[in-house]
Every structure is written in structure tokens, then in C-alpha cells.
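For reference, the structure I am asking about is given below.
Read-outs: derived from the displayed coordinates by stated rules, not from any lab. Everything quoted here is computed from the prediction, not taken from an experiment. Ideal geometry is used to build each Cβ from the backbone, glycine not excepted, and the neighbour counts take in all protein chains shown.
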Amino acid sequence: HFGVVVVGAGHGGAQACIALRQAGYDGSIALIGDEPDLPYERPPLSKEYLQRDKPFERLLIRPASFWLNRSITLMPGVRVVAVDAAAQRVRTAEGTEIGYDWLIWAAGGAPRRLGCAGTELAGVHSIRTRADVDRLEAELATTEQVAVVGGGYIGLEAAAVLTRLGKRATVLEAQERVLSRVAGEALSRFFEAEHRAQGVDVRLGATVTCIEGAAGRVTGVRLGDGTLLPAQMVIVGVGIEPAVAPLVAAGAAAGNGVRVDGQCRTSLPRVFAIGDCALHANAYADGAEIRLESVQNANDQAIVAAKVIAGVDATYDAAPWFWSAQYDLKLQTVGLSTGHDDAVVRGDPDTRSFSVIYLRRGCVIALDCVNAMKDFVQGRALVVAGARVESALLADADRPLKMLVP
Ligand code: FAD
């Protein structure tokens, strides 16, 4: 039995434990995770770690001594398969029952699989865990052509790294532009052109009907128009399914994720959910219920849940932010551009330093900043204020955004 049991030792789970101690919680804490490693940062998996620029040790969120010194019991390699909310306990895959006063569910999500034949072939990968990347790396020496399915952030980041490593990468995107789920048209076109200039074969409106193989290994990808794209490796980056099955089975209200309130409480008593798996009403999405897949969201929700458990008032209302790195381009976004009805380009994309500012009903709701740190830092206040600013002023790159904050 523990005071707090945290399920999922990723960004949200680790931060929840850190924040519990910071908020003065002095009960016992268990951090249960099904991966074998100490909690580590996931973003470098498709960036520096894939490129072998950073060894795994530098991905650790905290060293082993940190957890020990704060009496946080790590339980790596343990999978929770059931929750009994009435009895206040979880059950592991080995059948061990662990009781709790409070439960924080921070299980993230599992990569969505393609609904076509061939996904079980050797050489088909996703990038979610360290083990995923290690498996993929072990095959790189014998790989020349890589098909990346999905032109979202992870797919594009992987394509950039693999191109730098000398592989021939093709990005297969079903929509008519990359990043269609998360960014406006101008940003999509910029990244599309950038990848093409770097040698990536970007194919839009491309559907995958089947992954083909021989002797159990992938040999290529069959596209909707009948063409066969030869590939020794396929990387699937088409989003995640929130890992909430045990909570849903226990009766938690759920949709595309487990539903939480402003304090990150689920509908089950004494059970919180945070991070990628938590479906919440977000002020920056016009109050719509969404899941956010970002380190910022996992950390901020973790802090809210930890404070509430420690008896400190807290409500989740953080401004969403996110980053991506591709080639020498650092993209930083703040706010949520979904639902924008206007987009202003600030600066010249040809200089590789510019921002796209999104508006809804005349108010700034989000910024995508490419190699434009100042805009990112200063634009945040415009997003938080929901500032009403004329497009011409926003577009004037000589005028610092901080001058436009009401
Ligand atoms: P996770 O960090 O995924 O942690 C969940 C953990 O729970 C996992 O270890 C999982 O194995 C474990 N688990 C699941 N089910 C169980 C169970 N039943 N029992 C025990 N353990 C379980 N975000 C950014 O902001 N910027 C970026 O640049 C960025 N890049 C990314 C690149 C990649 C390749 C990936 C995969 C993600 C990236 N993200 C990025 C997203 C970010 O990493 C996630 O939003 C964040 O990790 C979410 O934290 P979490 O705690 O909700 O889930």
C-alpha cells in the first residue's frame, strides 16, 4: 500500500512525483512503469537520440539518486492491468495487488497501428520508447530506403534525421499537406519545401494499402494508386491511442481519452489522470474537450494533480506550448491554432526565420515560430490575453510583439 500510486513513469508520472514532494506531500509514493528504464525524456527519441547525438544517460529526467533521496519507490518493468476504484487498488500483469490512497494515471498512449496487412513484418517500426529506437537503430546499417508513414511532427523529425544519416526517406502523408492536424497551411508548405530541398521524397494524398514483405521482412509499401515503394524499413507515425483501458474498465468516464476536470480528477473517486491520455476542457481550444500531446501539458497537469493531493488549490489553465526540431530549424508553438479563421505570416520564410500568427474572430490564439525565439517568448502574452490586434501590425516584423500586448 502506498499513499500515492502513479501509473506510467514518463513525463507526467515523473513530474507528478517531483511535484508531490515539492508541494510538501510526505506520504509514500510508488512510480510504476512498464518500461525497464528510469524516467526519461521522450522528445529526443526522434531527434538527438535517433541521430546518436545524445547518449541515453543524458535523456534521464533525474538521476537514480534523486528518486532514492526523496523516498520515491520506482517500480520499472511493471504493467498495471486493472484498477479497482472501490477497493482503492491496482493489479499488475503478474497479479500483484497494490493499494493506494490516491491514484494518478499517467500512462500516455500507444502508437496507433495501420489498419492494413503487413504491419507485423520485421522492419516496421514506431517511435514511442527508447526500446523502439534501439530496435530501429540496430537495422539502420542494412537499410537504404525508409518509408515514413505520416507527415506529423514525429514522422518529419525522423525523416530529417534519417536523411542526415544518409538514408533515402519518403514521407507518405494521406492529407494534402504535412502537419495538417496541428498547423496552418503556410507552415505546412514551408516544411514540405524544406524536406524536399533536403532530399526527402514527400508524397501528399498518399494512402498505404499494404506493407509488403518477403521471408518475414518488409520489402516495400503498396500505395493506393497501385505503386510499390521499395523500402527496407517502415516507420509509422500516425498518432497514438490513449492508454486508458484499465480505467475505462473500472468505469471512468471516457471519450478519446479519460475525462478529467480542471483539477485533473477522473470520474472515479481518488483517481487523477494527466498527460497524453487525459481528455480535458481546454480554455485555449475555446473550451472544447481535447487531449494534448506535449511535455508542457504532461508537466503542468502533473503539478495540478500533485498540488490537489497535497491539499493546495490548483486549476489547470496553462497556455499550451510545444517545440519540434528538424534540420537546423527550431519550431516553437504557443497556443492552439485549431479553429483559426485567419493566419498572418510575420517575416520572410525564405530567410528561415519567421512566424505564423493565428487569429480567431480577430483575436490572437496561437503562434508557430520558426527560428524566431523572440516572437515565441513575446507572443505568448498575446495568446494568454487573447489580444485583438490588426493583421498589419502583427505582420510588421520590425515591430516587437511585446509592443502589441494590450
Ligand atoms: P508518456 O511520457 O508516454 O509516459 C507514459 C508511460 O506509461 C510510458 O512509459 C508507458 O510505457 C507507460 N505505461 C503505459 N501503460 C502502462 C500500464 N498499464 N502500466 C504501467 N505503465 C504503463 N512533446 C513536446 O512537447 N515536444 C516535442 O518535441 C516532442 N517530441 C516527441 C517525440 C517523440 C518521438 C514522442 C514519442 C513524443 C514527443 N512529444 C513531444 C510528446 C511528449 O513526449 C508526450 O506528450 C509526453 O511524453 C506525454 O507524457 P505522459 O506522461 O502523458 O506519457
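Given a Förster distance of 25 angstrom, what is the FRET efficiency for GLN296 paired with ALA138, based on the Cβ-Cβ distance and rounded to 0.05? Write down the numbers at each step before the final one.
Values: r = 32 Å, r/R0 = 1.28.
Given R0 = 25 Å and the Cβ-Cβ separation, E is 0.20.
I need the P(r) histogram for the range 277-321: all alpha carbon pairs, bin width 10 Å from 0 out to the longest distance, whole percents.
Spelled out bin by bin, the range 277-321 gives 29, 55, 16 percent.
Which order, highest average first, do 147-157, 74-84, 385-395 follow once you tally other Cβ atoms within 10 Å for each residue and take the mean per peptide?
Working: 147-157: 26.3, 74-84: 17.7, 385-395: 15.5.
The peptides rank, most packed first, as 147-157, 74-84, 385-395.
Continuing with the same structure: Using the Cα centre of the range 110-181 as origin and beta-carbon charges of +1 (Lys, Arg) and -1 (Asp, Glu), tell me which of GLY151, SER126, ALA169 is placed farthest towards the positive end of the dipole.
Looking along the dipole axis, the top candidate is GLY151.
Output the direction-averaged projected area (hull surface divided by four) of the convex hull of the alpha-carbon atoms of the range 1-147, in nm². List each step's numbers first, then the result.
Working: hull surface 43.0 nm².
Over all viewing directions, the range 1-147 projects a mean Cα-hull area of 10.8 nm².
Might you report the magnitude of the Cβ-based charge dipole of the chain about its Cα centre, with Lys and Arg at +1 and Asp and Glu at -1, to the nearest 20 debye? Spell out each step's value before the answer.
On the way: 41 positive and 46 negative charges, 72 e Å.
It works out to roughly 340 debye.
So which trypsin sites (Lys or Arg not before Pro) in the range 279-386 are both in a DSSP loop and have at most 16 other Cβ atoms within 10 Å of their Cβ? Please list the in-between numbers first.
Numbers: sites: ARG291, LYS307, LYS330, ARG346, ARG352, ARG360, ARG361, LYS374, ARG380; in loops: ARG291, ARG352, ARG361.
Filter output for the range 279-386: ARG352, ARG361.
Report the label-to-label distance for THR207 and GLU94 in nanometres (one decimal), using points 7 Å from each Cα along the Cα→Cβ vector.
Rounded to a tenth, the inter-label distance reads 4.6 nm.
Cut-off is 10 Å between beta-carbons; in what order do GLU120, GLU289, GLU173 appear when sorted fewest neighbours first?
GLU120, GLU289, GLU173
Over the alpha-carbon set of the range 114-180, work out the extent along each principal axis and list the three values in angstrom, largest first.
Result, largest extent first: 33, 29, 21 Å.
If you don't mind, another one. Using the reciprocal of the averaged 1/r over all distinct C-alpha pairs, how large is the Kirkwood radius of the range 138-272 in Å?
Working: mean 1/r = 0.0591 Å⁻¹.
So the Kirkwood estimate lands at 16.9 Å.
Explain nothing, just compute: Karplus ³J(HN,Hα) = 6.51 cos²θ - 1.76 cosθ + 1.60, θ = phi - 60°, for every residue of the range 252-258 in order, whole Hz, x for Gly and Pro.
5, 5, 8, x, 7, x, 8
Residues of the range 380-406 with amide nitrogen under 18 Å from the 7 Å Cα-to-Cβ point of ASP350?
Those under the cut-off are 396-398.
Something else: How large is the translational diffusion coefficient of the range 220-336 in µm² per second when you combine the Kirkwood radius over alpha carbon pairs with Stokes-Einstein at 10 °C and 1.306 mPa s? Walk me through the numbers on the way to the answer.
Working: Rh = 16.4 Å.
Rounded, D is 97 µm²/s.
Treating only the Cβ of Lys, Arg, Asp and Glu as charged (+1, +1, -1, -1), what charge dipole size does the range 223-346 show about its Cα centre? Round to the nearest 20 debye. Write out the running numbers ahead of the final one.
Numbers: 7 positive and 13 negative charges, 83 e Å.
Once rounded to the nearest 20, the dipole reads 400 debye.
Identify, among ALA252, ALA298, SER65, the residue whose Cα sits farthest towards the positive end of the charge dipole of the chain, taking +1 on the Cβ of Lys and Arg and -1 on the Cβ of Asp and Glu, with the dipole about the Cα centre.
The one lying farthest along the dipole's positive direction is SER65.
I need the phi-derived Karplus couplings for the range 49-58: 6.51 cos²θ - 1.76 cosθ + 1.60, θ = phi - 60°, integer Hz, Gly and Pro marked x.
Computed from phi, the couplings for the range 49-58 are 6, 5, 7, 6, 8, 9, x, 4, 4, 7 Hz.
Give the percent of DSSP beta bridges with both residues in the chain that are antiparallel, rounded to the nearest 5.
Details: 49 of 85 bridges.
Antiparallel bridges make up about 60 percent of those DSSP assigns within the chain.
Taking 56 Å as R0, compute the FRET efficiency from the Cβ-Cβ separation of ARG21 and ALA215 and round it to 0.05.
It comes to 0.60.
With just the Cα atoms defining each centre, how far is the range 155-193 from the range 323-387? Give it in Å.
18 Å
Write down the Kirkwood hydrodynamic radius of the chain, to one decimal in angstroms, obtained as one divided by the mean of 1/r over all alpha carbon pairs.
On the way: mean 1/r = 0.0447 Å⁻¹.
Computed over the chain, the radius equals 22.4 Å.
Once you put a point 7 Å from the Cα of ALA245 and another 7 Å from the Cα of ALA392, both along the Cβ direction, what distance in nm separates them?
Taking the simple label geometry, ALA245 and ALA392 are separated by 5.9 nm.
Counting helices only, and only those DSSP H runs with n ≥ 4, report the 222 nm mean residue ellipticity of the chain as the sum of -39,500 (n - 2.57) divided by its residues, in deg cm²/dmol to the nearest 500. Each step should come with its number before you reach the end.
On the way: 9 runs with 90 residues, N = 406.
The helix-only estimate for the chain comes to -6500 deg cm²/dmol at 222 nm.
Turning to a different aspect of this structure: Which length gain, in nm to one decimal place, applies between ASP341 and ARG58 when the Cα-Cα distance is subtracted from 0.36 nm times their residue separation?
Numbers: separation 283, 0.36 × 283 = 101.88 nm, distance 4.14 nm.
Result: 97.7 nm gained on full extension.
Mind giving me the FRET efficiency for ASP317 and ALA193? R0 is 35 Å, r the Cβ-Cβ distance, nearest 0.05 is fine. All intermediate terms of the calculation are to be shown ahead of the outcome.
Values: r = 37 Å, r/R0 = 1.05.
The computed FRET efficiency comes out at 0.45.
Tell me the volume per residue, in Å³, of the convex hull enclosing the alpha carbons of the range 1-79. Display every interim value, and only then the final one.
Working: hull volume 6.7 nm³, N = 79.
Cα-based convex hull of the range 1-79, divided per residue, equals 84 Å³.
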